[in-house]
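Student: Below is one structure. I have some questions about it.
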Amino acid sequence: MTTIHEKIQDLYNEIVADSECSLLAEDRTRLRKILSVSSSRSLSKPSVKIRIGAIVNDIDTTFHDLKAPTHFKLLLLEPPRRGSLADREDAAFKRLFMGYDNDHPIVWATVLSPISPAAWDSLCIANDNDDGNDENQVLLDTESSIAALVNTGQSTSYLGFVFRTIWIIRFMSIWEPLASEERGRTWKTNYITAAFRYQHTALANEFDKDQQNSVLQKDYNNQLKKFRSEHGRIVGARSAIYKLYKTFGPSILLDPFWDIHDAERQKLKTRTNEFNDIIHHLVTECPTSFTEEDEQVAMPVVTFETNFQSLFYALKYIASPTVASYICNFVLQNPPTHIQDLDLDYSDILEQLQGPQGV
């Protein structure tokens, strides 16, 4: 049976052999990139190369927008479960590139009306007062908020996923610069110890009062070691989501597939072994598209505005205008890299936060 990689190789060979080929040089370069043997880790595994080739090839040949809000509601109420984990993962990567074809807000209201609004406004207020606070304290408070939301029934909801994800993005935007500093390793060690004590106050206080107690000291050290290992794994998962957000922006928040915490709670394997390698490649070699002005840009730039608007209406009709504005303002204040680099004017997008009158 011919694999997708072999099909692409055959196509590339035809391009090279045909001097009259009408494909643009950019197309040949794109195919060459898919097939090139890279010295980096991201393309060192055959399965990774095949999956990346299939993802990019499908984007090139079948690129179209998802139908919002109907498709969004299906993702929300009936998340894809057919196929292997790799199939579902690759489909989610493709959805990130496709973007949403927006409908009139009345259609959003009609389609989402059976979903009852939830009272999440208080979370917007509670987590919007961090300006000027110590960075370590912001990290501790943010992790506490994530944990509190995971440990309630709300963790199964779409809104829980959105709030957890923006808190993860906020956490990583502080964590990464501090961890990469010259004394980053020492800072991480001190922070993780502080986080452990923050989450295990009773044990920490007991240990402080009786540090000569060998049994207590052993228990404290064992739990700290376990916490340190678990925290490292969690930060690794958060880092992957952060990289995707910095590339794709609001489309991450429209797809509950990217929620990492329901899987943690249920102890399910929800990512393949190739997941991080594929992210590395798609982020560093992001496929491109053309704007209406015929300018070649990273594909997420083309879909940013419609995805942003879709996110606003989804949140507005599931929750409230307060929640929608809070989340969308977060996106504008923490724009994905491709948008940030273009230094776009957000005035038109900001107006969308008000929504059309009478809806």
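The values are calculated or read from the model by the stated rules, or taken from the named source; none is laboratory data. Not measured: the values here are computed from a predicted model. Glycine gets a Cβ as well: all are built from the backbone with ideal geometry, and neighbour counts include every protein chain shown. Calculation scope for accessible area: heavy atoms of the full protein, side chains included, ligands and nucleic acids excluded. Shrake-Rupley method; radii C 1.70, N 1.55, O 1.52, S 1.80 Å.
Student: Checking Val162 against (1) assigned to a helix (DSSP H, G or I); (2) open to solvent by 20 Å² or more (accessible area, probe 1.4 Å), which test does it fail?
Tutor: Unmet condition: (2).
Student: Follow-up. Collect the residues in segment 276-335 that are of a type in the set (D, E, K, R) and free of Cβ contacts under 8 Å to residues at least 40 places away in the same chain, keeping them in residue-number order.
Tutor: Glu292, Glu293, Asp294, Glu295
Student: Would you check if Asp131 is at pLDDT 70 or above, over 25 Å from Glu305 (Cα atoms) and either of a type outside the set (Lys, Arg) or assigned to a loop (DSSP other than H, G, I, E, B) (or both)?
Tutor: So Asp131 fails the test.
Student: I'm trying to understand the selection: among the residues of segment 187-220, which are of a type outside the set (A, V, I, L, M, F, W, C), open to solvent by 70 Å² or more (accessible area, probe 1.4 Å) and over 27 Å from Glu135 (Cβ atoms)?
Tutor: Residues satisfying the conditions are Glu206, Lys209, Gln211, Gln212, Ser214, Gln217, Lys218.
Student: Looking only at residues in segment 299-311 that are modelled with pLDDT under 85 and closer than 13 Å to Pro335 by Cβ, which one is least open to solvent (accessible area, probe 1.4 Å)?
Tutor: Pro300
Yes or no, residue by residue, for (1) modelled with pLDDT under 90; (2) over 30 Å from Arg95 (Cβ atoms):
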{"residue": "Glu176", "(1), (2)": "no, no"}
{"residue": "Thr186", "(1), (2)": "no, yes"}
{"residue": "Asn190", "(1), (2)": "no, yes"}
{"residue": "Ala195", "(1), (2)": "no, yes"}
{"residue": "His200", "(1), (2)": "yes, yes"}
{"residue": "Asp208", "(1), (2)": "yes, yes"}
{"residue": "Asn213", "(1), (2)": "yes, yes"}
{"residue": "Asn222", "(1), (2)": "no, yes"}
{"residue": "Phe227", "(1), (2)": "no, yes"}
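Student: Also, quick follow-up: Got at least one residue in segment 96-114 being modelled with pLDDT under 70, open to solvent by less than 40 Å² (accessible area, probe 1.4 Å), over 15 Å from Pro256 (Cα atoms) and aliphatic (A, V, I, L, M)?
Tutor: no
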